[in-house]
1. Report the residue count in region 17-32 for those that are part of a loop (DSSP other than H, G, I, E, B) and among the aliphatic types (A, V, I, L, M).
2. For region 56-70, which positions are surrounded by 22 or more Cβ atoms within 10 Å (Cβ to Cβ) and more than 8 Å from the ligand (Cβ to nearest atom)?
3. Out of the residues in region 143-200 meeting the condition of being assigned to a helix (DSSP H, G or I), of a type in the set (S, T, Y) and modelled with pLDDT under 95, tell me which one is surrounded by the fewest Cβ atoms within 10 Å (Cβ to Cβ).
4. Within region 80-100, how many residues are in contact with a Leu (Cβ under 9 Å, 6 or more places away or on another chain) and more than 14 Å from A193 (Cβ to Cβ)?
5. List the residue pairs whose Cβ atoms are under 7 Å apart, where the first residue sits in region 37-57 and is closer than 15 Å to V16 by Cβ and among the hydroxyl-bearing types (S, T, Y), the second is at pLDDT 95 or above and more than 8 Å from the ligand (Cβ to nearest atom), and the two are 6 or more positions apart or on different chains.
6. Pick out the one residue from E93, E22 that is buried (at least 18 other Cβ atoms within 10 Å of the Cβ), among the acidic types (D, E) and touching a Pro at 6+ places or on another chain (Cβ under 8 Å).
7. Can you name the helices (runs of 4 or more DSSP H) wholly within region 33-129 that have at least 3 residues being modelled with pLDDT of 95 or more?
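The values are calculated or read from the model by the stated rules, or taken from the named source; none is laboratory data. Keep in mind the model is a prediction, meaning the values are calculated, not measured. Neighbour counts are summed over all protein chains in view; Cβ atoms, including those assigned to glycine, are modelled from backbone coordinates with ideal geometry.
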Amino acid sequence: MALTIYGSEHSRTMRVLWMAAELGLDYTHVALAFDNPKLKTPEFLQINPAGAIPTIVDDGFALSESLAINLYLAKKYGRSEKEPIYPSGSSDEADTWRWTIWAQGHLEPWVQKDLLLRDLIAAIGDHAGEAIAQSLKVLDRTLADRDWLVAGHFTVADLNVAAVLSPSRSGKLELSAYPNVATWLKRSYDRPAAINTRKRFFG
Ligand SMILES: N[C@@H](CCC(=O)N[C@@H](CS)C(=O)NCC(=O)O)C(=O)O
């Protein structure tokens with residue numbers, strides 16, 4: 001197996017680095033920043049026509065989109081029989097896709113805007129704040145009766161949603177009204193693979 005992960009740890013690539021650690025994968029890390037001109041060279045555009053990170057090449061197979069990469073890696077390399085990181089069974093699998101698509105489609109756009117456009121929020125009203133509150137309410141309600149989102153144990157669904165709410169983002173959100181989200185996020189980021197990946201790349 002030869003896996004290369006392209007993308008700086010100061011980007012969405014961090015969620016892929018976390019997944020690689022959960023899976024105990026060896027990989028080559030090419031830490032290109034989001035504004036590195038190499039992303040727009042013909043060589044890089046061949047592996048990701050969007051010229052963005054993260055991108056991986058796994059035994060010659062190129063894939064982009066961070067959450068899709070995590071689904072792929074979890075499905076291909078998740079080995080645990082007891083608590084597979086890529087859940088078995090079509091309903092748990094579908095629920096995992098659901099949480100991933102939800103994180104990408106509903107949560108991330110507003111978390112991202114909240115981060116990047118904080119100074120413009122006054123101009124667009126508090127729509128971002130309201131949209132994030134709605135999503136956090138959904139997540140908090142879901143986590144009221146469980147420790148993990150799917151299958152009764154930590155899965156790629158938790159990793160993908162927690163990664164969208166990474167400390168650099170969620171640290172700027174007021175989570176006191178969402179205690180289940182706060183404890184679940186802590187539980188997720190207290191995992192050895194999360195701690196070790198953050199330590200490895202952020203010191
Ligand atoms: N939805 C994509 C977003 C990829 C993305 O926008 N990556 C940023 C860095 S986090 C980037 O490479 N920006 C440079 C560009 O798009 O030119 C994912 O989750 O991977």
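1. 3
2. I56, N70
3. Of everything passing the filter in region 143-200, S168 is surrounded by the fewest Cβ atoms within 10 Å (Cβ to Cβ).
4. Of the residues in region 80-100, 6 are in contact with a Leu (Cβ under 9 Å, 6 or more places away or on another chain) and more than 14 Å from A193 (Cβ to Cβ).
5. The qualifying pairs are T55/Y6; T55/I47; T55/N48; T55/A62.
6. Working: E22 fails: touching a Pro at 6+ places or on another chain (Cβ under 8 Å).
Only one candidate passes the filter, namely E93.
7. 42-47, 66-77, 90-102
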